[in-house]
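Let me begin by presenting the structure, written as structure tokens, before commenting on it.
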Amino acid sequence: MPASTLRLALAQLNTTVGDFEGNARLVLDAAREARAAGAELVAAPELTLTGYPPEDLLLRPAFVQDAERALLRLAARARGLPPLVVGTPDPGDPSRPGPGGRALYNAAAILHEGRVVGRYRKQRLPNYGVFDERRYFVPGEETPLFVVGGAQVGLTVCEDIWYEDGPAGALCDAGAQLIVNINASPFWAGKTEERLAVASDLARAHGSPVAYVNQVGGQDELVFDGNSLVVDPSGRLVARGACLEEDLLLVDVPLPGRPQAAGALHVSSAPAQAPPPLPGR
């Protein structure tokens, strides 16, 4: 039977655009602290490795190539740590066209024991206000389930949970006991309450807890407030991260009973995922 709780760590980080090594160190430091606290899964924000928002740097093949190499180095250095969910650009299928000449995805990669074992690709790309993601990315199409610590976990990225017909519902229907949503969500008046309402509505609609990890700090004119959160299957807020400072939010997440999902990827035994072909310089 799937697990009844999962000890989850949400790493609310202050990343820097373009500082692959520094951003990776932040992830590793948080993961080591989480391991000492018994965490079974660690999640970091959207586009953790590149920093957010990388904007037109994503149109440079060398930048995407460096990000992919940084991801593989991070996976190797994270051996012995709990499984990590990390935001990164994903070069994807070189034969699929995209805004920069080839497809690029906004992805959540899951790392374990030196390997990149899977990736989820963001499906809902915002193109309003400060967001211009269709300039850089193409939407993903698949909704993989991952088994971590006996729990069936669905990954999503930011905007994915803001739509009733988004991928989170499909993941819950497939057997997800927990939705992990990684974010780089800037602050404005009322946004903290709005995020909680979205996560709570999603949890109540599908009977699955939702964990929302957000970036913190400033980049250009954007301020990221953190305020990561976890809601239980009833939509009740059970944990909240710090506001405007880095934090490691540790939560024993209560999981609903669900049948074992067919086709879910067991992270502990999954082979390394073949890295996508990198664009040339």
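The values are calculated or read from the model by the stated rules, or taken from the named source; none is laboratory data. None of the values given here were measured: they were computed from a predicted structure. All Cβ positions, glycine included, derive from the backbone under ideal geometry; neighbour counts span all protein chains shown.
Flag set for residue 93, criterion: surrounded by fewer than 20 Cβ atoms within 10 Å (Cβ to Cβ), within 18 Å of residue 134 (Cβ to Cβ) and acidic (Asp, Glu). The lone criterion from (1) surrounded by 22 or more Cβ atoms within 10 Å (Cβ to Cβ); (2) without any contact (Cβ under 8 Å) to a residue 12 or more places away in the chain left unmet by residue 148 is number (2). Only one of the listed residues (163, 212) is more than 15 Å from residue 253 (Cα to Cα) and of a type outside the set (S, T, N, Q). That residue is 163.
Criterion first (in contact (Cβ under 8 Å) with a residue 40 or more places away in the chain and more than 23 Å from residue 268 (Cβ to Cβ)) does residue 139 satisfy it? It is false that residue 139 is in contact (Cβ under 8 Å) with a residue 40 or more places away in the chain and more than 23 Å from residue 268 (Cβ to Cβ). The residue that is modelled with the highest pLDDT, counting only those in segment 108-137 that are of a type in the set (Gly, Ala, Ser) and over 14 Å from the mean Cα position of the chain (by Cα), is 114. Comparison of 247, 225 shows that the only residue that is acidic (Asp, Glu), closer than 21 Å to residue 37 by Cβ and touching a strand residue (DSSP E or B) at 6+ places or on another chain (Cβ under 6 Å) is 247.
Here's the yes/no breakdown for (1) more than 12 Å from the chain's Cα centre (by Cα); (2) modelled with pLDDT of 95 or more; (3) under 20 Å from residue 256 (Cβ atoms); (4) not small (Gly, Ala, Ser):
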residue: 162; (1), (2), (3), (4): yes, yes, no, yes
residue: 174; (1), (2), (3), (4): yes, yes, yes, no
residue: 183; (1), (2), (3), (4): no, yes, no, yes
residue: 200; (1), (2), (3), (4): yes, yes, yes, no
residue: 206; (1), (2), (3), (4): yes, yes, yes, yes
residue: 215; (1), (2), (3), (4): no, yes, no, yes
residue: 224; (1), (2), (3), (4): yes, yes, no, yes
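The C-beta contact set for segment 100-119 (first residue free of Cβ contacts under 8 Å to residues at least 60 places away in the same chain and crowded, with 21+ Cβ neighbours inside 10 Å, second residue outside any strand (DSSP E or B) and of a type in the set (Phe, Trp, Tyr), distance under 8 angstrom, 6+ apart or interchain) comprises 104/136; 104/137; 105/137.
Taken over segment 151-166, the criterion of being more than 13 Å from residue 107 (Cβ to Cβ), touching a residue at least 24 places away in the same chain (Cβ under 8 Å) and not β-branched (Val, Ile, Thr) is satisfied by 151, 152, 154, 159, 162, 163, 164, 166. Taking residue 261, is it without any contact (Cβ under 8 Å) to a residue 12 or more places away in the chain, in a loop (DSSP other than H, G, I, E, B) and farther than 24 Å from residue 35 by Cβ? No: the conditions fail for residue 261. When the residues of segment 20-65 are filtered to those that are assigned to a loop (DSSP other than H, G, I, E, B) and of a type in the set (S, T, N, Q), the one that is surrounded by the fewest Cβ atoms within 10 Å (Cβ to Cβ) is 50. Summed over segment 238-265, residues that are loosely packed, with under 13 Cβ neighbours inside 10 Å and on the phi < 0 side of the Ramachandran plot total 5. Does residue 125 qualify as being surrounded by 21 or more Cβ atoms within 10 Å (Cβ to Cβ) and over 30 Å from residue 269 (Cβ atoms)? Yes. Checked against the criteria, residue 218 does not count as crowded, with 22+ Cβ neighbours inside 10 Å, of a type in the set (Gly, Ala, Ser) and closer than 19 Å to residue 189 by Cβ. Of everything in segment 264-274 that is in a loop (DSSP other than H, G, I, E, B) and in contact with a strand residue (DSSP E or B) (Cβ under 7 Å, 6 or more places away or on another chain), the residue that is modelled with the highest pLDDT is 264. Would you check if residue 80 is at pLDDT 95 or above, in a loop (DSSP other than H, G, I, E, B) and either surrounded by fewer than 22 Cβ atoms within 10 Å (Cβ to Cβ) or of a type in the set (Asp, Glu) (or both)? Criteria met by residue 80.
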